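Participant: Following this message is one structure expressed as structure tokens.
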Amino acid sequence: PQLGAYEDQLKTWLEQDSQRPKKQRRTARRLFEDLQGAGYTGAYDSVQRFVKRWKQARPALTKAFVPLVFPAGDAAQFDWSHEQVELGGVVQTIKLTHFRLAHSRQPFLVAYFRESLEMVFDAHDRAFTFWGGIPQRMIYDNPRTLVDAVKVGKARRFNRQFLALANHYLFEPVACTPASG
């Protein structure tokens with residue numbers, strides 16, 4: 001009965017908290033302390049039971065998990081990174097190509113001093129030799145060395161020389177949507 005006058009306030013706070021990230025939501029203890037600040041003189045157990053009932057009455061959000069499954073030889077990913085290394089006592093920035101098979105997650109890396117089209121060609125040749133085969137699709141994060149123009153959606157204008165490489169090795173180049181992860 002003492003909680004009755006404060007139920008609307010508690011519901012409002014619970015609704016507000018449900019919109020926040022999980023780590024920023026108030027616990028029942030914190031809500032109890034806030035209610036005490038508003039004049040509530042009842043017990044903590046009453047607040048705790050109310051919060052439990054409120055959570056149970058809300059429709060449960062189901063967490064979904066969509067497994068990424070790729071058949072063997074279907075796809076591989078390619079990207080560049082910039083790393084700091086010490087060569088002969090001098091700290092230098094190198095460009096590192098990253099390849100990863102989608103099915104087995106097997107990585108392959110090659111380091112270069114520059115990020116150029118010739119390095120891309122060499123890295124692909126080395127990766128395919130290392131894997132002992134060529135995936136059907138290669139997925140790219142729109143590197144400037146390979147993509148001349150980013151169009152709407154996944155439409156890209158790949159570099160003409162790079163398309164010759166793809167035709168030689170018989171793989172389909174696929175571009176990621178920018179900033180989609």
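The values are calculated or read from the model by the stated rules, or taken from the named source; none is laboratory data. Every value quoted in this text rests on a predicted model; they were computed, and no experiment measured them. Cβ atoms come from the backbone with ideal geometry, glycine included; neighbour counts cover every protein chain shown.
Participant: State which residue is farthest from Arg53 (Cα to Cα) when the search covers only the stretch 13-43 and only residues that are among the polar types (S, T, N, Q) and not in a helix (DSSP H, G or I). Let's see the steps before the verdict.
Facilitator: As a first pass, look at the stretch 13-43 and keep what is among the polar types (S, T, N, Q): 16, 18-19, 24, 27, 36, 41.
Filter once more, so that each one left must be not in a helix (DSSP H, G or I): 19, 27, 41.
On the way: Gln19: 18, Thr27: 14, Thr41: 20 Å.
The qualifying residue farthest from Arg53 (Cα to Cα) is Thr41.
Participant: Pick from the stretch 99-125 the residues that are within 24 Å of the chain's Cα centre (by Cα) and under 20 Å from Leu170 (Cα atoms): which of them is surrounded by the most Cβ atoms within 10 Å (Cβ to Cβ)? I'd like the intermediate steps shown before the answer.
Facilitator: Kept after step one, since they are within 24 Å of the chain's Cα centre (by Cα), are these residues of the stretch 99-125: 99-110.
Within this subset, residues satisfying the condition of being under 20 Å from Leu170 (Cα atoms) are 99-103, 108.
Numbers: Phe99: 22, Arg100: 17, Leu101: 20, Ala102: 19, His103: 15, Phe108: 18.
Among residues in the stretch 99-125 that are within 24 Å of the chain's Cα centre (by Cα) and under 20 Å from Leu170 (Cα atoms), the one surrounded by the most Cβ atoms within 10 Å (Cβ to Cβ) is Phe99.
Participant: Working only within the stretch 54-75, note down all residues that are surrounded by fewer than 10 Cβ atoms within 10 Å (Cβ to Cβ) and either polar (S, T, N, Q) or touching a helix residue (DSSP H, G or I) at 6+ places or on another chain (Cβ under 9 Å) (or both).
Facilitator: Gln56, Thr62 - these are the residues of the stretch 54-75 that are surrounded by fewer than 10 Cβ atoms within 10 Å (Cβ to Cβ) and either polar (S, T, N, Q) or touching a helix residue (DSSP H, G or I) at 6+ places or on another chain (Cβ under 9 Å) (or both).
Participant: Run down Asn159, Asn142, Asn167 and say which single residue is in contact with a helix residue (DSSP H, G or I) (Cβ under 8 Å, 6 or more places away or on another chain) and assigned by TED's automatic domain parsing to the domain that holds Leu96.
Facilitator: Numbers: Asn142 fails: in contact with a helix residue (DSSP H, G or I) (Cβ under 8 Å, 6 or more places away or on another chain); Asn167 fails: in contact with a helix residue (DSSP H, G or I) (Cβ under 8 Å, 6 or more places away or on another chain).
Matching residue, one of Asn159, Asn142, Asn167: Asn159.
Participant: Has the stretch 41-50 got any residue that is under 31 Å from the mean Cα position of the chain (by Cα) and either over 17 Å from Asp8 (Cβ atoms) or of a type outside the set (Ser, Thr, Tyr) (or both)?
Facilitator: Keep residues of the stretch 41-50 that are under 31 Å from the mean Cα position of the chain (by Cα), which gives none.
No, because not a single residue in the stretch 41-50 is under 31 Å from the mean Cα position of the chain (by Cα) and either over 17 Å from Asp8 (Cβ atoms) or of a type outside the set (Ser, Thr, Tyr) (or both).
Participant: Within the group Arg160, Arg100, Arg126, which residue is in contact (Cβ under 8 Å) with a residue 24 or more places away in the chain and basic (Lys, Arg)?
Facilitator: Working: Arg160 fails: in contact (Cβ under 8 Å) with a residue 24 or more places away in the chain; Arg126 fails: in contact (Cβ under 8 Å) with a residue 24 or more places away in the chain.
Going through Arg160, Arg100, Arg126 in turn, the sole match is Arg100.
Participant: Conditions first: (1) assigned by TED's automatic domain parsing to the domain that holds Leu87; (2) modelled with pLDDT under 90. Gly181 passes all but one, so which condition is the exception?
Facilitator: (1)
Participant: Condition check: of a type in the set (Val, Ile, Thr), surrounded by 10 or more Cβ atoms within 10 Å (Cβ to Cβ) and touching a residue at least 40 places away in the same chain (Cβ under 8 Å). Does Val85 satisfy that? Working first, answer last.
Facilitator: Details: of a type in the set (Val, Ile, Thr): yes; surrounded by 10 or more Cβ atoms within 10 Å (Cβ to Cβ): yes; touching a residue at least 40 places away in the same chain (Cβ under 8 Å): no.
Spelling it out, it is not the case that Val85 is of a type in the set (Val, Ile, Thr), surrounded by 10 or more Cβ atoms within 10 Å (Cβ to Cβ) and touching a residue at least 40 places away in the same chain (Cβ under 8 Å).
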